[in-house]
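*Asks:* Starting off with a structure, shown below.
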Amino acid sequence: MVPHLPNEIIFRILECAYHLPDGRRDVKTIGACAAVCRQWTPIAQELQFHTKAIGRNETYTTDEELALLNGPSRLGDYIRDLHVHVGLGAHTTNFDLGPPITQGALDVRSFVGVLARCPRLYQLKLVLDVHHFSADELALLAALPVNIRALDLACASVTSTALYQLFALWPHIHTLCLRTELIAPTPATRPDFSLYELCLIRSVRPPVLQWLLPPLEESRAPDLRILDFWDVPHDYPRDLITQYAPHVRSLRLASDRPAELITPFTALEEFVLRTIPDLLPLPPLPHSVHHIRFHTLRSPPSPLQTFKHAIATMKALPDLERVTVSKTVADRQDFGDFLKACDEKGLKPYIDLNYIQLPEYPVPVDHFPRLRTIENMYRMNSNA
């Protein structure tokens, strides 16, 4: 028989089991805890249903999952991070960038019904096959008691205007990850939103980028603190980005080009590069950087890549506190050279065993790196 413990102690025990050492959620353990003891069930379910993907469950159909949200337990109240596909048919995707899973699509009205049952939703990860929402659909969405703060969006069409509609619905969005190109003309009126974090997986046209960036005001600094470019376009608006660069604390790039993009960022605390600099050194990084990450997907590595420039960059940072590398980096034959350089600075690099970096909890950062901790996860409970 399971001994009776105060709920506060049970919460602390389950919190320790929630994240695996590599940062992934231990769904199986938390699910077992929800089933093993009646006292544990509501406590474990609050953790178990923090993140929910509708239409990606191998045990339940989408209709059965929707029925769970409608049940007396009000499981939707626990959901802070919702993954859903809206459109026609099925779509193979995985926002967590693990093995792809076929996701059943909801029509717009079913999507509205799901959101209505998730009143404390913080982040919406949405695959959208709908080009835009109709006036009636927008009215239904506008009536919902949700206040989305983080949006992760993949659109089926580069001309989709849905992103603009969603910002008009939820102007409190402070974090955006846009996974598709976007060439749709921006609307004449810009909603009063201000991004803290912007991640562009694919390039967007300069007018779209300007529309997404926070308005510049003489009396206050822009809110943008995290900027992530997976695909830097050749025609990127250098002058525009330069205006925001001094306020950005974390810059994340998929390559070490162009160098002129990096130089204006003079107050960085974190620098992430999804490769190893090979032929040319990185431009000097500001001394304020205290976390640097090299996370390459290239395995085996290119013979052109050496650690020479990465080591030089690391040695030039006097306040460096933490170095993170992917397993593909640590598996290189010459990784010993990098380890030696870290040891000389009194650092032990953290090796991320995940092939692709897990998504962070989209909350404001006190100190980089923003780790996948229970504390950061709980910050998604706030409606402020």
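Quick note: the coordinates plus some simple rules give every number you see, no bench work behind them. Being a predicted model, the structure only gives us computed values, none of them experimental. Backbone-built Cβ (ideal geometry, glycine too); neighbour counts: all protein chains shown.
*Asks:* For the chain, what does the relative contact order come out to in percent, with C-alpha contacts under 8 Å and a separation of six or more?
*Replies:* With pairs under 8 Å counted, the relative contact order is 9 percent.
*Asks:* Tell me the mean residue ellipticity at 222 nm calculated for the chain from its helices only (DSSP H runs of n ≥ 4, each -39500 (n - 2.57), averaged over every residue, nearest 500).
*Replies:* -7500 deg cm²/dmol
*Asks:* Once R0 is set to 22 Å, what does the formula 1/(1 + (r/R0)^6) return for the Cβ-Cβ distance between ASP239 and SER219, expressed as a FRET efficiency to the nearest 0.05?
*Replies:* Efficiency computed from Cβ-Cβ geometry: 0.55.
*Asks:* Separate question: In a shell of Cβ-Cβ distance under 15 Å around LYS340, excluding LYS340 itself, what net charge do Lys and Arg (+1) and Asp and Glu (-1) give? Display every interim value, and only then the final one.
*Replies:* Working: positive: LYS308, LYS315, ARG332, LYS345, LYS348; negative: ASP334, ASP337, ASP343, GLU344.
Result for the local shell: +1.
*Asks:* Where does the charge balance sit around ASP228 when Lys and Arg score +1, Asp and Glu -1, over other residues with C-beta under 14 Å from its C-beta? Please list the in-between numbers first.
*Replies:* Details: positive: ARG179, ARG202, ARG225, ARG249, ARG252, ARG274, ARG293, ARG370; negative: ASP152, GLU197, ASP231, GLU270, GLU360.
That works out to +3.
*Asks:* Here is a follow-up. What does the extension gain come out to for TRP230 and THR266, with contour length at 0.36 nm per residue minus their alpha carbon separation? The partial results should precede the final answer.
*Replies:* Numbers: separation 36, 0.36 × 36 = 12.96 nm, distance 2.04 nm.
So the extension gain works out to 10.9 nm.
*Asks:* Hey, another quick one. Can you compute the modelled spin-label distance between LEU358 and GLN333, with each label point 7 Å from Cα toward Cβ, in nm?
*Replies:* Placing both labels 7 Å beyond Cα along the Cβ direction yields 3.3 nm.
*Asks:* May I ask for the equivalent-ellipsoid semi-axes of region 249-353, computed as the square root of five times each C-alpha gyration tensor eigenvalue and listed largest first in whole Å?
*Replies:* Square roots of five times the eigenvalues give 20, 16, 12 Å.
*Asks:* Taking 0.36 nm per intervening residue step and subtracting the Cα-Cα distance, what contour gain separates ALA139 from ILE9 on full extension?
*Replies:* Numbers: separation 130, 0.36 × 130 = 46.80 nm, distance 4.40 nm.
Net length gain for the segment: 42.4 nm.
*Asks:* Here's something else I'd like to know. Among the Cys residues of the chain, which have no other cysteine Cβ under 4.7 angstrom away?
*Replies:* When partners are defined as cysteine Cβ atoms under 4.7 Å apart, the chain leaves CYS16, CYS33, CYS37, CYS118, CYS155, CYS342 without one.
*Asks:* For the chain, please report how many Lys pairs fall under 25 Å Cα to Cα, leaving out neighbours fewer than 8 apart on the same chain.
*Replies:* 16
*Asks:* If r is the Cβ-Cβ distance from ASP319 to THR29 and R0 is 30 Å, what FRET efficiency results, to the nearest 0.05?
*Replies:* Efficiency, rounded to the nearest 0.05: 0.20.
*Asks:* Follow-up question, since we're still on this one. What residues qualify as long-range amide H neighbours of LEU121, i.e. H under 5 Å apart, gap of 5 or more or another chain, H built at 1.01 Å from N?
*Replies:* Amide H neighbours of LEU121: ASN147.
*Asks:* Count charges around CYS155 for me, please; just the other residues with Cβ under 11 Å from its Cβ, Lys/Arg as +1, Asp/Glu as -1. The partial results should precede the final answer.
*Replies:* Numbers: positive: ARG179, ARG202; negative: ASP129, GLU181.
Net charge around CYS155: 0.
*Asks:* Dipole of the chain (Lys/Arg Cβ +1, Asp/Glu Cβ -1, origin at the Cα centre): which of THR313, ASN147, CYS33 lies farthest to the positive side?
*Replies:* CYS33
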